[in-house]
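One structure is given here, and the rest of the page talks about it.
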Amino acid sequence: QEYFLSSAAAQLIVSDMKCRGFAPQQLDRAAVVQLNDTHPTLMIPELIRLLVQEGLDLDAAIRTVSRTCAYTNHTILAEALEKWPMSYIQRVAPQLVPIIREMDRRAKSVFPDPRMAIIDDKDVVHMAHMDIHYTYSTNGVAALHTEILKTSELKPFADVYSYKFNNKTNGVTFRRWLEVCNPRLATLIDDCIGN
């Protein structure tokens, strides 16, 4: 399901890019892809694959996708830091396996720290690691959360990619949202139950 949705979105993005007259190496001028947690991480190798099909060499495709994608980490719980056995990806999207292995090789050649590997010694793919290595921005969603990412959970990455780490506080209370989007309803509710 994650690959299906990521692939469909990637194909739509590339099609839209071409319809609007952008060349494959200009993808980052045509779109920004915000990866919300690691569920859509396969968007990265899928976009690389599609750009190679459009005529870019692998180096150019990786550079272009890295300038196009950004990553938001919403929580440090396991469901937001997905890890998938390569055997699963091999069954679902075998065309991505050589791309992911090459991305891992490149990351390890620059950062040999095993804590930063995309593929660990058990042949498990760490999606958040792929996101951080191959996007231009990594953000948390609250100041405290971002600090935890930088000082604990993703510290090895923050140490070498400090320029990528930033905070984007998100979320708004329903009450505040209602007051802004429908002040008449907010007033009615206040009249009925108090402020």
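Tabulated data
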| item | result |
| --- | --- |
| Percent accessible area from carbon and sulfur atoms, the chain, protein chains only, probe 1.4 Å | 57 |
| Whichever lysines have a C-alpha closer than 17 Å to that of residue 164, once near sequence neighbours (fewer than 8 apart) are set aside | 150, 155 |
| Separation of the residue 122 and residue 58 label points, Cα + 7 Å toward Cβ, nm | 2.7 |
| With Cα atoms, 0 to 90° folded angle of helix 97-110 axis to the chain main axis | 90 |
| Protection-proxy order for peptides 138-147, 50-59, 64-73, each taking the mean of Cβ atoms within 10 Å per residue, highest first | 64-73, 138-147, 50-59 |
| Dipole of the chain, positive direction: furthest Cα of 162, 5, 19, with charges on the beta-carbon | 19 |
| Spin-label zone in the range 103-118 - amide nitrogen under 18 Å from a point set 7 Å from the Cα of residue 90 along the C-beta vector | 103-105, 118 |
| Where the range 1-116 is the region considered: accessible area per residue in Å², 1.4 Å probe | 51 |
| Contour excess over end-to-end distance, with Cα ends at residue 167 and residue 184 and 0.36 nm allotted per residue | 2.8 nm |
| Sequence-separation-based contact order of the range 1-70, relative, with Cα cut under 8 Å and 6+ spacing, percent | 41 |
| Answer label for Kirkwood radius over Cα pairs in Å (calculated), chosen among (i) 19.2; (ii) 18.2; (iii) 20.1 | (ii) |
| Extension gain (nm, one decimal) between residue 106 and residue 26, 0.36 nm per residue minus Cα-Cα | 26.5 nm |
| Neighbour cut-off at most 11 other Cβ (10 Å), DSSP loop, trypsin sites (Lys or Arg not before Pro), the range 72-130 | 122 |
| Gain on full stretching of the segment that runs from residue 193 to residue 9 - 0.36 nm per residue minus C-alpha separation | 61.8 nm |
| For the range 78-126, size of Cβ-based charge dipole, Lys and Arg +1, Asp and Glu -1, in debye | 140 |
| Convex hull volume per residue in cubic angstrom - Cα atoms of the range 1-117 | 105 |
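The values are calculated or read from the model by the stated rules, or taken from the named source; none is laboratory data. Note that the structure is predicted; figures quoted are calculated from it, not measured. We place every Cβ from the backbone using ideal geometry, glycine too, and count neighbours over all the protein chains shown. Only protein heavy atoms, including side chains, enter the accessible area calculation; ligands, DNA and RNA are left aside. Shrake-Rupley method; radii C 1.70, N 1.55, O 1.52, S 1.80 Å.
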